[in-house]
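Computed from the coordinates by the stated procedures, all read-outs in this text should not be read as laboratory data. Only a predicted model underlies this, so the values are computations on that prediction, with no experimental measurement involved. Virtual Cβ from ideal backbone geometry, glycine too; neighbours counted across all protein chains shown.
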Amino acid sequence: MKHLPIRRSLSILSISVLIALSGNAVHAMSPAEIIERMEATMRGESQYAEMTMKIVRPRYEREVSMRSWLKGRDHSLILITAPPRDEGTAFLMRRNDIWNYDPRIDRTTRLPSSMMAQSWMGSDFTNDDLVRDSDLVEDYHHELLGTEEYDGYQAYVIEMTPKPDTPIVWGKVRLWIGVDDYMQLRIENYDQRDRLVNTMKLDQIEQFGDRRVPTRLSMVPADKDDERTVLTYRQIEFDMDIHESFFSRANMQRLR
């Protein structure tokens, strides 16, 4: 039986290792691709949800119930169902346009990009958090800082910085995304001076259809330990059949 010379055998082994490493490199995902997988997991192609938002302040607590519909990245609609004074209030995003309907005065108002950083319904969430105007993939530069254990999960840590001329108030955003299931686990928002502004934690994982997702989102301001807003999902349906025509100003006013 003939044997390859040792030097040649080592060369073949080295080539094999390089081929294996090259294959892994080809299949390794970029930070933007990880975020896309996360959004596919958390949002699906379309989604219907029923949820309750509790706003906690030192002197009071307030609850808001709502229903929401979304399709892809460009269409979403939120309808407030309680309390009675806010019932029927709606928010619509259709591509680059965002509208608010107030049934008390039967008026529809277009929200400019300058309002995206303002509080949504008096909560610690912004308009952009709930009726997203910015695009996590297209509007940011991304850097994968590494992986770490977070709340019992192995998670990617990705830092995002806004691209020039995008209407985003944050100086940077950090995301924690599960390595195995691409669940969103944590978000930290920083101002232009690199100071932490708020943190959103996502937990209470539950099964809905063929996927597991967090059902509690807790937004906590960095400098106010006694304040927070907790958004809890009571029901979620993914990949439902919903047409883009559903997301219209006329339908926003009709929904109850």
Along segment 111-125, Karplus-curve 3J(HN,Hα) (6.51, -1.76, 1.60; θ = phi - 60°) to the nearest Hz, with x for Gly and Pro, reads 8, x, 4, 5, 8, 5, 8, 7, 4, 9, 6, x, 9, 8, 7
With Cα coordinates, the longest principal axis of the chain makes an angle with the long axis of helix 6-27, in degrees rounded to 10, of 10 degrees
Footprinting proxy, SER119, SER76: sorted fewest to most Cβ within 10 Å, the residues are SER119, SER76
Non-local residues with an amide H under 5 Å from the amide H of ASN198, with H modelled 1.01 Å from N and Pro and chain starts lacking one, are ASN189, ALA222
Expected sort for TYR190, TYR48, TYR60 with the fewest Cβ neighbours (10 Å cutoff) up front is TYR60, TYR48, TYR190
Along segment 178-192, Karplus-curve 3J(HN,Hα) (6.51, -1.76, 1.60; θ = phi - 60°) to the nearest Hz, with x for Gly and Pro, reads x, 5, 7, 10, 6, 6, 6, 10, 6, 9, 10, 9, 10, 7, 5
Given backbone amide H placed at 1.01 Å from N, residues whose amide H is under 5 Å from that of GLU45, ignoring those fewer than 5 places away on the same chain, are ASP239
For LYS224, the lysines lying under 18 Å Cα to Cα, once residues fewer than eight places off in the same chain are dropped, come out as LYS54, LYS201
Pseudo-spin-label distance GLU45 to ASP225, built 7 Å along Cα→Cβ, given in nm, is 4.8 nm
Measuring from its Cα centre, the chain shows a charge dipole (+1 at each Lys and Arg Cβ, -1 at each Asp and Glu Cβ) which, in debye to the nearest 20, is 180 debye
Taking a straight Cα-to-Cα line shorter than 17 Å from LYS163, and setting aside same-chain lysines fewer than 8 residues away, one finds LYS172
Only helices counted: for the chain, with every DSSP H run of 4 or more residues adding -39500 (n - 2.57) and the sum spread over all residues, [θ] at 222 nm is -5500 deg cm²/dmol
Tilt, helix 31-43 to longest principal axis of the chain (alpha-carbon atoms), in degrees rounded to tens, equals 50 degrees
Sorted on mean Cβ neighbours within 10 Å (highest first), peptides 62-70, 82-90, 224-232 come out as 62-70, 224-232, 82-90
Scattering profile of segment 27-107 from the Debye formula, Cα beads only, expressed as log10 I(q)/I(0) at q = 0.14, 0.23, 0.25 Å⁻¹, is -0.64, -1.10, -1.16
Computed over the chain, the relative contact order (Cα-Cα under 8 Å, seq sep at least six) in percent reads 20 percent
